[in-house]
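Each reported figure results from applying straightforward, stated rules to the coordinates on display, with no laboratory input. Bear in mind the structure is a predicted one, so any value in this text is a computation, not a measurement. Cβ placement follows ideal geometry from the backbone for every residue including glycine, while neighbour counts extend to all protein chains displayed.
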Amino acid sequence: MNYVYETHLHTIEGSACSKTNAEDYIDYMSGLGYSGIIVTDHFFNGNSCVPRDLPWTERIERYCRGYENALAAAKGGDFNVMFGIEYNFQGDEYLLYGVDKKWLLDNPDIMSKDRPAVRDLVHEAGGVMIQAHPFRERDYLSTIHLMPSVCDGIECYNAANPDYQNALGYEYGLEHGFLMTGGSDIHAFTQKDMGGMSFPYKINSIEEFVAAFKAGDGVPVQKKDAANAAQFVPVVDTPSLTTVTKQPFLQVINHDLLCD
């Protein structure tokens, strides 16, 4: 039996772009075949709904409400809720796994730090830093920013993005030998396609997720037309997600090359 976990999910409590209360995800995601979720609301340098003029402690308390509300709603059941962060720099966003509320409270200057410094703090906490949707293109973005040296892996499948952008990410992951994740980037139940990570054993905590990911035990999966699909399919077995058919139209900046 395989266990599938959502790795990229936004709640109305923490993300300004979400339309879904955290507690409502539990039954819905379970019904789609997930064994658990990682709540990854946008942090304050992204599309957060947390007011900017509050003291740091109160901002963190509000930021963590989505995760905590989902955790409370799942209590007593067999559905696992874990904590993560989606962290933004210049439109390049990273999924931070293995850090927690205390880590945020202990680092009130986190947003003044550059990519390598954030990576180092994540590593000190035992976590990993995964670049989300590395080749995402939107009308509000002017550039694609890459920095392979700060990544512990990349999100090769993001169900909210077109196939060609995911294929570019998959190719990039192969070129750099990255471990890869899959996720839905879900904000609302109207989303048609879904993604996640499949493991051959149950994941009980974010620490176990990080360890399983680093061991290479996870498989990025997709569920196109999820409401009607019978099962999740490995991304590697989906040609439209692994074969590059179009190059990015935005300028691509590799920050590692600029530092050479």
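Please find the FRET efficiency linking Asp256 to Ala188, where r is the Cβ-Cβ separation and R0 is fixed at 35 Å, and quote it to the nearest 0.05.
Numbers: r = 35 Å, r/R0 = 1.01.
Once the sixth-power term is evaluated, E becomes 0.50.
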Under a Gaussian network model of the chain whose springs join Cα atoms within less than 10 Å, the largest fluctuation of Asp139, Asp92, Asp193 belongs to Asp139
Any aspartates and glutamates whose Cα falls less than 13 Å from that of Lys102, other than same-chain ones fewer than 8 residues away, would be Glu58, Glu61
With Cα springs under 10 Å, the Gaussian network model of the chain assigns the largest mean-square fluctuation among Ala73, Ala215, Ala22 to Ala215
GNM on the chain, Cα springs under 10 Å; top mean-square fluctuation among Leu141, Leu168, Leu32 goes to Leu141
For Lys246, counting only lysines whose alpha-carbon sits under 24 Å away and dropping same-chain residues fewer than eight positions off, the answer is Lys192, Lys223, Lys224
Hull volume per residue for the range 84-157, using the convex hull of the C-alpha atoms, in Å³ is 93 Å³
Scan of the chain for chymotrypsin sites (Phe, Trp or Tyr not before Pro) in DSSP loops with at most 15 other beta-carbon atoms within 10 Å gives a longest site-free stretch of 1-139
The answer for trypsin sites (Lys or Arg not before Pro) in the range 117-167 that fall in a DSSP coil and have at most 11 neighbouring Cβ atoms within 10 Å is Arg138
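Please rank Ile26, Ile186, fewest neighbouring Cβ atoms within 10 Å first, as an exposure proxy.
On the way: Ile26 22, Ile186 26.
Lowest count first: Ile26, Ile186.
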Computed Rg/Rh for the range 105-260 (Cα atoms; Rh = Kirkwood radius) stands at 0.97
Expressed as a whole-number percentage, the relative contact order of the range 3-259 with C-alpha contacts under 8 angstrom and at least six residues apart is 20 percent
Dividing the helical contributions, -39500 (n - 2.57) per DSSP H run of n ≥ 4, by the residues of the chain yields a 222 nm value, nearest 500 deg cm²/dmol, of -7000 deg cm²/dmol
To the nearest 20 debye, the chain has a Cα-centred charge dipole, built from +1 on Lys and Arg Cβ and -1 on Asp and Glu Cβ, of 300 debye
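Whole number please: convex hull volume per residue of the Cα set in the chain, in Å³?
On the way: hull volume 32.4 nm³, N = 260.
For the chain, the hull spanned by Cα atoms encloses 125 Å³ per residue.
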